[in-house]
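One structure is given here, and the rest of the page talks about it.
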Number of protein chains: 2
Amino acid sequence: MSLPNYFELLGHDGQARTGLLTTPHGVVRTPAFMPVGTAGAMKGLHWREVRDAGADIVLGNTYHLMLRPGAERIAALGGLQRFTGWNGPMLTDSGGFQVMSLSELRKVTEQAVTFRSHLDGARIELSPERSIEVQRLLGSDIAMQMDECVRLPAERSDIERAMQLSLRWGERSKRAFETAPDGTMLFGIAQGGDVPQLRHASVRGLVETGFHGYAIGGLAVGEPQAVMLAMIEEVAPILPQDRPRYLMGVGTPEDMLEAVARGIDMFDCVMPTRNGRHGMAFTRFGQINLRNARHADDPRPLDEESAWPATNGYARAYLHHLVRSGETLGAMLLSEINVAYYQQLMRDIRDAISQGNFADFRERTRAGWTKGDIAPR
Amino acid sequence: MSLPNYFELLGHDGQARTGLLTTPHGVVRTPAFMPVGTAGAMKGLHWREVRDAGADIVLGNTYHLMLRPGAERIAALGGLQRFTGWNGPMLTDSGGFQVMSLSELRKVTEQAVTFRSHLDGARIELSPERSIEVQRLLGSDIAMQMDECVRLPAERSDIERAMQLSLRWGERSKRAFETAPDGTMLFGIAQGGDVPQLRHASVRGLVETGFHGYAIGGLAVGEPQAVMLAMIEEVAPILPQDRPRYLMGVGTPEDMLEAVARGIDMFDCVMPTRNGRHGMAFTRFGQINLRNARHADDPRPLDEESAWPATNGYARAYLHHLVRSGETLGAMLLSEINVAYYQQLMRDIRDAISQGNFADFRERTRAGWTKGDIAPR
């Protein structure tokens, strides 16, 4: 059964696409980067800063939120948007990935994953149906099907088993989603590891089931970038052209630029905030380590041409001092600087695609990163 | 020699006073609370939030800043205001208090304090002259004389020795300050522990030397509140009426309200940000522990009548969740909520003094704190 399509493709330039995805909480311009607000908060940023940086949509982690404060509690408090004060679109993952990576004593059966909470050891069962129920309780605009993600490298037989299970879980997720509120969406997730044939089989199965949009899962899990890009090249061309495509858990600015060039519309990653907490800044000069002594006496901002106040308004010497001193403000500023850079990159990518000069933009942007930071004073 | 007076007394109500203190970086309305930006940053707050909360002036810690990033470096970068982006008045302490409380192997002589840095163990000498030099390099609007502060309870002989040494250091500080930039100020510090006669002798000595303003030091160092208030009652009446009076390191909202009633004009304390990091909120209902389970399902804000967005805009349930989850945003929001409450209290105090109803305000405010938080839902 074909589901309504809330995605409008505005244009493309080569394989790169730009469009609008309409959700109950607002419109998302694509390509879009979704900052990750794991447990109902963006680490180091106020929600207004996330919005001001230009993010149209954020990601919430079902696993964290179902354990604390609990999905039923969030529903009683009016849903995630009301609870957190983030009044825009929100995508929630299924919880499956975090169950695999964070919990203990997990057991995967055809029916569900059973695991112990990393918070209090409570035994919890997460089925595709419960995952959809939890995401609905959270008030998600875009829900993800539950899937099983295999870390690479892995045996082909393991990859195939998880891919087939994910297809069956996708069908169950879709049935569970039938009573979801109008306008909300469910994305299927393509698995198949680094095996082209399995990726093809996964996409065929997903498209047969039919989703509002399609994600590529099981990448950025330990494989080289070349493998990731090769898999996108296998998958993107056979995904429905009129539906949004989301590359999960990616990535660096370069990963995203290359994925957009191969037809991807949406991304999420903790990298801007996590690296910010570790003293790293993403800029058009590449990644800059503020911990480095070269910045200690440098009065210049990270990037004087940036429109973001923290990027052009604070001396490198000050950011260096904050990072070295372990001051919270250092993590706060670098996290917002990085989220703002990711959003600026997405804005520039969208503009370049609209204007038909994406190839040129891609080359110039990569050259800037490769050239590296300005010389120390 | 009498120093210029930058303090204008606008009015008083009983012993409580309100006025304006003009510094090179702007005017400070008194009674004033100075949030503490220890190492060139306010923990958990952006500088714009400190300003928006209503703070006219902040405090920087000379000890921390001289060790890292270094006073000469900050001077080369244009001073603390330029370095940090806080463009308002800044008071710096002398460094002496932190030498006593944070460093190791300290040795106090008539000449100076010698100590080892808590950062790298470097051996450093801090004299009254070097303290003034460091504060000037930082670009301080109000410098503090170096003093020796004795923790209470203490022997009278120890208190007296430290008080006399502080007087001599005050004279040396003043001589060192003679070439300071126009408009900057130097405050003397009254010591004398909990011994009225020694407090009197300290004030007489300080006034003879002559400072732009006068601080009361050596309180809030372990003594009961009643002792602190009794010492203020000894000291305030004999301080010059036309000069600002600063009670160092104080305190709780109640401490400040009672100190204002006894003639104090300025305060500083890490309590709003420190307690905020530990899940505590200061409100007109008293101090509220957001970690408490009573808030877990409560959709109501901390104080719906507060004008501060974070105080009236977030559900107690959300703040509780952030605190329980150890999310940075919890510490950020509670720190700003507390700094905003402290500033609101100062604003209300100033208004009450101006309008001649401070006694009534004091009674109503205390009654609100005593009554405590609203009932759980």
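Scanning the stretch A:325-336 for residues that are more than 21 Å from the chain's Cα centre (by Cα) and either within 13 Å of A:Asn289 (Cα to Cα) or at the interface with chain B (Cβ under 7 Å from one of its Cβ atoms) (or both) gives A:Ser325, A:Glu327, A:Thr328, A:Leu329, A:Gly330.
For first residues located in the stretch B:55-73 and free of Cβ contacts under 8 Å to residues at least 12 places away in the same chain, partners that are outside any loop (DSSP other than H, G, I, E, B) and lie 6+ apart or on another chain with Cβ distances below 8 Å form the pairs B:Arg73/A:Ala317.
Within the stretch A:154-176, the residues that satisfy the criterion of being under 24 Å from the mean Cα position of the chain (by Cα) and more than 15 Å from A:Ser202 (Cα to Cα) are A:Ala154, A:Arg172, A:Ser173, A:Lys174, A:Ala176.
Scan the stretch B:94-111 residue by residue and report those that are assigned to a loop (DSSP other than H, G, I, E, B) and of a type outside the set (Val, Ile, Thr). Within the stretch B:94-111, B:Ser94, B:Gly95, B:Ser103, B:Glu110, B:Gln111 meet the criteria.
Contact annotation: residue pairs with Cβ atoms under 6 Å, 6 or more positions apart or on different chains, pairing a residue in the stretch B:334-352 that is farther than 14 Å from B:Pro31 by Cα with a partner that is aliphatic (A, V, I, L, M) and part of a helix (DSSP H, G or I), are B:Glu336/B:Ala310; B:Ile337/B:Ala310.
Within the stretch B:97-114, count every residue that is open to solvent by 90 Å² or more (accessible area, probe 1.4 Å) and touching a strand residue (DSSP E or B) at 6+ places or on another chain (Cβ under 6 Å). The total comes to 4.
Tell me the residue from A:Met228, A:Met256, A:Met266 that is open to solvent by less than 10 Å² (accessible area, probe 1.4 Å) and under 19 Å from A:Glu363 (Cβ atoms), please. A:Met256 is the lone residue from the list that is open to solvent by less than 10 Å² (accessible area, probe 1.4 Å) and under 19 Å from A:Glu363 (Cβ atoms). Screening the candidates A:Gln343, A:Gln287 for the property of being within 23 Å of A:Gly37 (Cβ to Cβ) and touching a Gly at 6+ places or on another chain (Cβ under 9 Å) yields one hit, A:Gln343.
Taking residues in the stretch B:356-367 that are within 18 Å of B:Gly263 (Cβ to Cβ), and partners anywhere that are in a helix (DSSP H, G or I) and of a type in the set (Gly, Ala, Ser), the pairs with Cβ atoms closer than 8 Å and at least 6 places apart or on different chains are B:Phe358/B:Ala352; B:Phe361/B:Ala352; B:Arg362/B:Ala352. When each of A:Thr18, A:Thr84, A:Thr92, A:Thr30 is tested for being crowded, with 21+ Cβ neighbours inside 10 Å, over 22 Å from A:Leu239 (Cα atoms) and modelled with pLDDT of 95 or more, the lone residue that passes is A:Thr84. In this structure, is B:Tyr314 open to solvent by 20 Å² or more (accessible area, probe 1.4 Å), in contact with a Gly (Cβ under 8 Å, 6 or more places away or on another chain) and closer than 25 Å to A:His46 by Cβ? Yes; evaluated as a whole, the condition is true for this residue.
Pick from the stretch B:38-81 the residues that are among the hydroxyl-bearing types (Ser, Thr, Tyr) and open to solvent by less than 10 Å² (accessible area, probe 1.4 Å): which of them is farthest from the chain's Cα centre (by Cα)?
B:Tyr63
In this structure, B:Gly356 does not satisfy being more than 24 Å from the chain's Cα centre (by Cα) and either closer than 27 Å to A:Glu327 by Cα or within 11 Å of another protein chain (Cβ to nearest Cβ) (or both). The residue list B:Leu290, B:Leu322, B:Leu302 contains one member that is open to solvent by less than 10 Å² (accessible area, probe 1.4 Å) and within 9 Å of chain A (Cβ to nearest Cβ), which is B:Leu322. Quick one: would you say B:Gln241 is open to solvent by 10 Å² or more (accessible area, probe 1.4 Å), closer than 30 Å to B:Arg17 by Cα and touching a helix residue (DSSP H, G or I) at 6+ places or on another chain (Cβ under 8 Å)? No. Just to be sure, is A:Ala226 in a strand (DSSP E or B) and out of contact with any Gly (no Cβ under 9 Å at 6 or more places or on another chain)? No; evaluated as a whole, the condition is false for this residue. Within the set A:Leu290, A:Leu302, the sole residue that is touching a helix residue (DSSP H, G or I) at 6+ places or on another chain (Cβ under 8 Å) and within 30 Å of A:Asp13 (Cβ to Cβ) turns out to be A:Leu302.
When every residue of the stretch B:270-277 is checked against the conditions, at least one turns out to be part of a helix (DSSP H, G or I), within 14 Å of another protein chain (Cβ to nearest Cβ), open to solvent by 40 Å² or more (accessible area, probe 1.4 Å) and touching a residue at least 24 places away in the same chain (Cβ under 8 Å).
Could you please find all residues in the stretch A:243-269 being among the acidic types (Asp, Glu) and part of a helix (DSSP H, G or I)?
Within the stretch A:243-269, A:Glu254, A:Asp255, A:Glu258 meet the criteria.
Open to solvent by 30 Å² or more (accessible area, probe 1.4 Å), within 27 Å of A:Met90 (Cβ to Cβ) and within 14 Å of chain B (Cβ to nearest Cβ): does that describe A:Pro309? Considered against the rule, which asks whether it is open to solvent by 30 Å² or more (accessible area, probe 1.4 Å), within 27 Å of A:Met90 (Cβ to Cβ) and within 14 Å of chain B (Cβ to nearest Cβ), A:Pro309 comes out as yes.
The values are calculated or read from the model by the stated rules, or taken from the named source; none is laboratory data. Since the model is a prediction, treat every value here as computed from it, not as a measurement. For neighbour counting, all protein chains shown are included, and Cβ atoms are generated from backbone atoms with ideal geometry for every residue, glycine included. Ligands, DNA and RNA are stripped out before the accessible areas are found, and what is left, the full protein with its side chains, is counted by its heavy atoms. Shrake-Rupley method; radii C 1.70, N 1.55, O 1.52, S 1.80 Å.
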